[in-house]
């Protein structure tokens, strides 16, 4: 599978999906007006990856900001990961948040309560 | 006499104004405002988490505007640009206020008013549940809005959403929403 590598912009995140290493990374800002367009290829990629995933998939999500339009798309991404996990493959979602950013921690906890995949909440201390 | 949008805009322009805009709400405008507020907030002596909250809430407010603005009918259009909206961000006594305004047709008022009143009646935990329910059960609309914006704003600010609907002309009203971000919450 071809990896995905997308540079970040002021409104969209850095994305690195690599089937070879089982590493999935979303980092930066996700505040586009229409997020479906941005996330559709990512969800499609995960759908394909879920057919023959590695034994272990590591997901790193490190967002500075995300809007509510993205929040639904991020849930779609997590639902694909949940399916991989449900099929008895190891999946870990590392949810990074900046020191004192309680909103971002809480957002991670919201996902954790919806998605049946182990989450690790990781505080970034500067 | 019908509601005077421009006079109203002038009144909002009190206190320590960071950004005041009236005109078309476009993607470019949103990008410019976000860039400008980020530059301005960089120079302000303020807690990082408050700066972040202001930015977050501003993104939602602007995108709500962008997705929900209604065009006025031709005969009322003369004085207003297409996709007309207003935005004023100000600070007074360490409280940030983000005011947005747009035209709305009368048949949509009830839905919006009920939604805001409902949000305002909920506790912090109830808002969290509502957010999670919408997140998990409702599809994104074709416009891209998810019905989550106002809930998210209420959660992040911890304050009530203040609003007015003022009659403009015929079936058209001007909807104004004031969102407050303060340190205690």
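The values are calculated or read from the model by the stated rules, or taken from the named source; none is laboratory data. What you see is a predicted model; the values in this text were computed from it and never measured. Cβ atoms come from the backbone with ideal geometry, glycine included; neighbour counts cover every protein chain shown.
Does any residue of the stretch A:79-96 turn out to be within 12 Å of the chain's Cα centre (by Cα) and at the interface with chain B (Cβ under 9 Å from one of its Cβ atoms)? Scanning the stretch A:79-96 turns up no residue that is within 12 Å of the chain's Cα centre (by Cα) and at the interface with chain B (Cβ under 9 Å from one of its Cβ atoms). For the structure I just gave you, tell me whether residue B:56 is touching a residue at least 12 places away in the same chain (Cβ under 8 Å), touching a helix residue (DSSP H, G or I) at 6+ places or on another chain (Cβ under 8 Å), crowded, with 19+ Cβ neighbours inside 10 Å and closer than 14 Å to residue B:101 by Cα. No.
Has the stretch A:50-67 got any residue that is in a helix (DSSP H, G or I) and either away from every other protein chain (no Cβ under 13 Å) or modelled with pLDDT of 95 or more (or both)? No, that holds for no residue. Report whether or not residue B:98 is in contact with a helix residue (DSSP H, G or I) (Cβ under 6 Å, 6 or more places away or on another chain) and part of a strand (DSSP E or B). Criteria met by residue B:98. With respect to the conditions (1) within 13 Å of chain B (Cβ to nearest Cβ); (2) at pLDDT below 95, residue A:107 falls short on a single one, namely (2). Screening residue B:123 with (1) surrounded by fewer than 19 Cβ atoms within 10 Å (Cβ to Cβ); (2) away from chain A (no Cβ under 14 Å); (3) touching a residue at least 12 places away in the same chain (Cβ under 8 Å) gives one miss only, at (3). Within the stretch A:42-100, the residues that satisfy the criterion of being without any contact (Cβ under 8 Å) to a residue 12 or more places away in the chain and either out of contact with any helix residue (DSSP H, G or I) (no Cβ under 9 Å at 6 or more places or on another chain) or surrounded by fewer than 21 Cβ atoms within 10 Å (Cβ to Cβ) (or both) are A:44, A:51, A:52, A:88, A:100. Residue A:26 falls short on exactly one of the conditions (1) within 14 Å of another protein chain (Cβ to nearest Cβ); (2) surrounded by 21 or more Cβ atoms within 10 Å (Cβ to Cβ), and that condition is (1). Restricting the search to helices (runs of 4 or more DSSP H) fully inside the stretch B:1-82 and requiring at least 3 residues that are within 12 Å of chain A (Cβ to nearest Cβ) gives B:27-42, B:48-68. Flag not set for residue B:128, criterion: surrounded by fewer than 17 Cβ atoms within 10 Å (Cβ to Cβ) and either out of contact with any strand residue (DSSP E or B) (no Cβ under 8 Å at 6 or more places or on another chain) or assigned to a strand (DSSP E or B) (or both).
Of the candidates B:58, B:18, the single residue that is closer than 30 Å to residue A:124 by Cβ and modelled with pLDDT of 95 or more is B:58. With the condition kept exactly as written, say whether any residue in the stretch B:146-168 is over 22 Å from residue B:22 (Cα atoms) and loosely packed, with under 14 Cβ neighbours inside 10 Å. No, every residue in the stretch B:146-168 fails to be over 22 Å from residue B:22 (Cα atoms) and loosely packed, with under 14 Cβ neighbours inside 10 Å.
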